[in-house]
Amino acid sequence: MMAEPITKIRLTAGDGAVAEVSAHGGQVVGWVPAGAGGKERLFLSPLAAGGPGASIRGGVPVIFPQFGPMGPLPKHGLARNREWQVAEAAGGRARLVLESSAETRGIWPHDFLAELVVEVSGAALAVELRITNTGREVFSFTAALHTYLRVAEATVARVAGLQGARYLDEVTMTEHTDDAEEVSFGTEVDRIYYAVGESPLRLVEGGRVVEITEAGFDDVVVWNPGPVVGGKFADLEPEGWREFVCVEAAAVGRPVVLGPGEVWAGRQRLAAG
């Protein structure tokens, strides 16, 4: 089926902070902090589209129940290209839900309830993913909030706070310990940093800073496709790779295990400086 234009739900906090959310994918697609002069802090590709089976390039895609190609399911699982239901949307807060169905069980044979809670206020955007096992059997999953942070020029941007962390380089499929003070970009960067926990990270670009914290997620993924891989995406302009850096809260190295009735939650908070 052909992709469709993205329908956005607009959330506005009392202080003027704004977030935009798409029911398709249960995905945050825009964020303007209060007092930011109307400047967007998330990247959304001009070529991005929604609709059945499509995934939206940009914003904060929800990765569940499989990260990347690390398993038998379609890449990044089944949540990012399905319609979620808007359970609440008022002021600067929204809650969206995705429940298992005959269609999802045909891909992943488990019963679940996924909830995404979005809260925007002041300089901050918080996104929380909750997973409930609504079935009768134990299941395990991996997940991420695949956050595309907008930058003016990726080759100038840096991610700080990961020095000393162990990571898998998915470009070379080799493991390393990061001895650099900052992660820089220019060629393809695709790294899974393990057991980072709640350590704060910073995306720095000139005088602009976004502080990134997480809870519930153990790992962090840092990604930018660079010019070669980025030039192959049909839903990204040829130089579009220069306009974002992905810093993703993730649960990858140690899959989450849920028994019947159990609930897991992972949260990422972005604060613009």
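Side notes on the structure shown:
- Residue list for the stretch 6-29, filter: among the charged types (D, E, K, R) and within 15 Å of the chain's Cα centre (by Cα): E20
- Just one of (1) open to solvent by 60 Å² or more (accessible area, probe 1.4 Å); (2) outside any loop (DSSP other than H, G, I, E, B); (3) of a type in the set (V, I, T) fails for I192. It is (1).
- Test result for A36, modelled with pLDDT of 95 or more and either surrounded by 19 or more Cβ atoms within 10 Å (Cβ to Cβ) or not β-branched (V, I, T) (or both): no
- Residues in the stretch 69-90 that are within 20 Å of G59 (Cβ to Cβ) and open to solvent by 20 Å² or more (accessible area, probe 1.4 Å): P74, K75, R80, N81, R82, E83, Q85, V86, A87, E88, A89.
- Residues being under 18 Å from the mean Cα position of the chain (by Cα) and among the hydrophobic types (A, V, I, L, M, F, W, C) - total across the stretch 98-118: 5
- Some residue of the stretch 247-270 being surrounded by 16 or more Cβ atoms within 10 Å (Cβ to Cβ) and in a loop (DSSP other than H, G, I, E, B): no
- The residues listed here are G206, G240; of these, the one that is among the small types (G, A, S), closer than 17 Å to A154 by Cβ and surrounded by 15 or more Cβ atoms within 10 Å (Cβ to Cβ) is G240.
- Condition met for E40 (within 18 Å of H146 (Cβ to Cβ), part of a loop (DSSP other than H, G, I, E, B) and of a type outside the set (K, R)): yes
- Entry remark, the stretch 111-155: residues being hydrophobic (A, V, I, L, M, F, W, C) and under 16 Å from G26 (Cα atoms) number 15 in total.
- In the stretch 207-220, the residues that are on the phi > 0 side of the Ramachandran plot form Cβ pairs under 6 Å with partners that are part of a strand (DSSP E or B) and open to solvent by 40 Å² or more (accessible area, probe 1.4 Å), at six or more places apart or across chains, as follows: G216/A265; G216/R267.
- Annotation: of all residues in the stretch 216-232 being among the hydrophobic types (A, V, I, L, M, F, W, C) and closer than 19 Å to V62 by Cβ, the one that is surrounded by the most Cβ atoms within 10 Å (Cβ to Cβ) is V220.
- So E115, is it open to solvent by 10 Å² or more (accessible area, probe 1.4 Å), of a type outside the set (V, I, T) and assigned to a strand (DSSP E or B): yes
- The lone criterion from (1) assigned to a helix (DSSP H, G or I); (2) farther than 29 Å from E20 by Cα left unmet by E103 is number (2).
- Of residues in the stretch 55-83 being at pLDDT 95 or above, aliphatic (A, V, I, L, M) and part of a loop (DSSP other than H, G, I, E, B), the one nearest to D169 (Cα to Cα): L73
- Flag if A126 is modelled with pLDDT of 95 or more, buried (at least 21 other Cβ atoms within 10 Å of the Cβ) and in a strand (DSSP E or B): no
- Residue list for the stretch 131-168, restricted to those being closer than 29 Å to G261 by Cα, among the hydroxyl-bearing types (S, T, Y) and within 18 Å of the chain's Cα centre (by Cα): T142, T147
The values are calculated or read from the model by the stated rules, or taken from the named source; none is laboratory data. Since the structure is predicted, the reported quantities are computational estimates derived from the model, not experimental observations. When we count neighbours, we look across all protein chains shown, and the Cβ atoms used for this are built from the backbone with ideal geometry, even at glycine. Note: areas computed on protein heavy atoms with side chains; ligands, DNA, RNA excluded. Shrake-Rupley method; radii C 1.70, N 1.55, O 1.52, S 1.80 Å.
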